[in-house]
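Just below is one structure, and these are the notes that go with it.
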Amino acid sequence: MSLTSLIIIGITVILLLAFSVIGFVVLYQRRVIRHQLELKTLNEQKQLALLEASLQSEEEERRRIASELHDDVGASLSSIRLFLHKADEQSGSSAIIQQSKDLIDDTIKKVRDISHKLQPATLQMLGLYSSLHALAEIYNRADGIKMSVQADNSLTRLAPNTELHIYRIIQELINNIIKHSGGKKVSLAVFQSGDKMQFSLVHDGTGIAKEDYNVFLTKKGAIGLKNIENRLKFIHAAIEFEKRNPTEFNTTIIVPLHEK
Amino acid sequence: MTFIYLLALLSPLFVILLGFKQRFTLLWWYAIAGLIIDNLGHFLKSAKIEHHWAGNIFLLAECILVSFYYRKIIFRNQIIFWIVVLSTTLFFITHTIYYSMRDMNMQAASLLYLIYMGFGIAGFYKLLHQPEIIYLGKSSFFIINAAFFIYASANFLLYLFGTYLRKNDFEFLVSIWGSFFMTINILHYFVIGIGLSKTKTK
């Protein structure tokens, strides 16, 4: 075999080796990417599981406190009211006793409201939309804001867990409106748009834009917003902020519809 | 002048035009050098003036530009980089002066191509050990590295035995140069152009 033929064979072999090296790199990288994506999915699932455990634990604690408030503190306050009523009957009408009765009545209402805010009894029994109406009544009684709800019970029901998270998100958003926005009027509209349920919260205070929301999430504190973000992630929902005009700010929660 | 020869002379334009957004980068200057020197060599050959030294100039420029391209990618230690670049450059210059001033120094060039093959393998190794996910089809470095790797692999043996073939089988050298080498040259510029066009502008 001449050297010329050997050179041709040699060049062919080296080229084949070079293409093999490139082929190996491509196949290896594909394997690495597949593995990294699997790890990323596992990590996300683990984080979601931790988040679920954390939120569940929070709900159980709220349930416990609500139950103790209602059963212990509420019961004690009702007993005090009874004693005051008896004292009023025995000693005759007295201004101090009347004031105390009024104060007890007020405190009983507040404790009931706190207990209902912590654990809405209507949520499991009557569903999200009725609970939102009940929540509006609580806020209208106190808290200095006027809230209206447009949510028909004929709307598609969501999964019980999803409804609880949406309830909590709306509660947190309204608390933020009361604390920070200076708004006095809040209206909540619930409507179905295709395969999504939208909860549109409009108020007349100062709202935040999506960029501000993202900035607050990364800052220390802002526990309420982080709680909202965690719940949104858990139910695969999204949040949007829109300034309609100087006196109207809209926050919309968009939830994909799941089977009940 | 055959069509493939003409295409080979103009092939650096692939890089210059496709990679225009990355103009004034190392690979763009590499293409400029290739365009100027290849065409200068052709012009001198047509005018029957000694032209083989132009090939040596191109090989030297290629050595420096390709080394600097790989500098930040595969050399963690800059001292090693300077040792490699200076030693290969000095070796090529002294070998050319001593053995091959008037002819293209194919033997020294084969060593350079062997070094480029090493750069290519090191480049692939670096790619595979990146912490972030890299999709190779979108990676400009992978495309450019593959182009240099194939180009160097194809040319290594050809240049190594180039001097022997020039003396003993000149016809074969001319035919393989005019077909195989030109094709590899055109493809390598084309692929580098594609790779450069995918580079993100800073």
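Bear in mind that the values in this text are calculations on the coordinates, not laboratory data. Because the structure is predicted, anything quoted here is derived from the model rather than measured. As a convention, Cβ positions derive from the backbone with ideal geometry for all residues, glycine included, and neighbour counts pool all protein chains shown.
Against chain B, whose longest principal axis comes from its Cα atoms, helix B:78-99 is set at around 10 degrees.
The mean number of Cβ atoms from other chains found within 10 Å of a Cβ in peptide A:31-43 is 1, as a whole number. Entry note: segment A:109-260 has Rg to Rh equal to 0.94, where both radii use alpha-carbon atoms and Rh is the Kirkwood radius.
Note on segment A:111-240: dipole from Cβ charges, positive end direction compared against A:Gly144, A:Met197, A:Ala159; the farthest Cα belongs to A:Gly144.
Helix screen, chain A: DSSP H segments with Cα axial length of 30 Å or more and mean Kyte-Doolittle hydropathy at least 0.0 are A:3-68. Of the three principal axes defined by the Cα atoms of segment A:180-255, the extents in descending order read 34, 30, 18 Å.
Dividing the summed helix terms, -39500 (n - 2.57) for each DSSP H run of n ≥ 4, by the number of residues in chain A produces a 222 nm estimate of -22000 deg cm²/dmol to the nearest 500. The P(r) of segment B:97-136 has a tail past 11 Å containing 70 percent of all C-alpha pairs. Evaluated at q = 0.14, 0.19, 0.20 Å⁻¹, the base-10 log of the normalised Debye intensity for segment B:19-103, with identical point scatterers placed on the Cα atoms, takes the values -0.59, -0.92, -0.98. What is the distance in Å between the Cα centroid of segment A:78-100 and that of segment B:103-162? If we compute the Cα centre of each part, the gap is 96 Å. Between the listed residues A:Gln99, A:Val32, A:Val13, the Cα displaced farthest toward the positive end of the dipole of segment A:10-105, a dipole computed from Cβ unit charges relative to the Cα centre, is found at A:Val13. The angle between the Cα long axis of helix B:26-46 and the longest principal axis of the Cα atoms of chain B comes to about 10 degrees, rounded to the nearest 10.
Among B:Leu187, B:Leu7, A:Gln45, whose Cα sits farthest toward the positive end of the charge dipole of the protein assembly as shown (+1 at Cβ of Lys/Arg, -1 at Cβ of Asp/Glu, about the Cα centre)? Final value for the positive-end residue is B:Leu7. Max-minus-min Cα coordinates of segment A:118-205 on each principal axis give 33, 29, 18 Å, with the largest extent listed first. An ellipsoid equivalent to segment A:57-97, defined through the eigenvalues of its Cα gyration tensor, has semi-axes of 34, 8, 4 Å when rounded to whole angstrom and sorted largest first.
A Förster distance of 41 Å, applied to the separation of the beta-carbon atoms of B:Leu44 and A:Leu42, puts the FRET efficiency at 0.05. Panel values: chain B, Kirkwood radius from alpha carbon pairs, Stokes-Einstein at 25 °C and 0.890 mPa s, translational diffusion coefficient 140 µm²/s.
Between the helical axis of B:182-197 and the longest alpha-carbon principal axis of chain B there is an angle of about 30 degrees.
Mean projection of the Cα convex hull over all viewing directions, computed for segment A:7-146: 15.5 nm². Magnitude of the charge dipole for segment A:73-216, about its Cα centre and with charges confined to Cβ atoms of Lys, Arg (+1) and Asp, Glu (-1), is about 80 debye. When both bridge partners sit in chain A, DSSP labels roughly 80% of those beta bridges antiparallel. One equal scatterer on each Cα of chain A, no solvent, Debye formula: the resulting log10 I(q)/I(0) at q = 0.08, 0.12, 0.14 Å⁻¹ is -0.49, -0.85, -1.05. Go ahead and collect, in residue order, the members of segment B:79-104 whose backbone nitrogen is under 19 Å from a label point 7 Å along the Cα-Cβ direction of B:His129. Under 19 Å, as judged by backbone N against the label point of B:His129, lie B:79-82, B:84 of segment B:79-104.
Here segment A:3-51 and segment A:184-224 have alpha carbon centers that stand 46 Å from each other.
Just list whichever of A:Lys110/A:Lys210; B:Lys72/B:Lys200; A:Lys46/A:Lys117 have alpha carbons separated by over 26 Å in the model shown. Long pairs (Cα-Cα over 26 Å): A:Lys110/A:Lys210; A:Lys46/A:Lys117. Among A:Glu229, A:Glu240, the order by Cβ neighbours within 10 angstrom, fewest to most, reads A:Glu240, A:Glu229. You can think of it this way: the chain between A:Lys243 and A:Thr206 has 12.4 nm of extra reach, that is 0.36 nm per residue less the Cα-Cα gap. Volume per residue of the convex hull around the Cα atoms, evaluated for the protein assembly as shown, comes out as 223 Å³. Out of every Cα-Cα pair in segment B:71-165, what percent are more than 16 Å apart? That fraction is 63 percent.
Residues in segment A:236-248 carry Karplus couplings, in order, of 6, 9, 10, 10, 10, 10, 9, 9, 6, 7, x, 10, 9 Hz; the curve used is 6.51 cos²θ - 1.76 cosθ + 1.60 with θ = phi - 60°, and Gly or Pro positions show x. One decimal place: the segment A:Lys185-A:Phe24 gains 51.5 nm when fully extended, by the rule 0.36 nm per residue minus the C-alpha distance. Sorted ascending by nearby beta carbons within 10 Å, beginning with the fewest, B:Tyr164, B:Tyr159, B:Tyr99, A:Tyr139 become B:Tyr99, B:Tyr164, A:Tyr139, B:Tyr159.
For chain B, a crude dipole built from +1 on the beta carbon of Lys and Arg and -1 on the beta carbon of Asp and Glu, taken about the Cα centre, is about 680 debye to the nearest 20. For the protein assembly as shown, the dipole from Cβ point charges (+1 on Lys and Arg, -1 on Asp and Glu) about the Cα centre works out to 1180 debye, to the nearest 20. Per-residue mean of foreign Cβ neighbours for A:17-24 is 4 (Cβ atoms of other chains, 10 Å radius).
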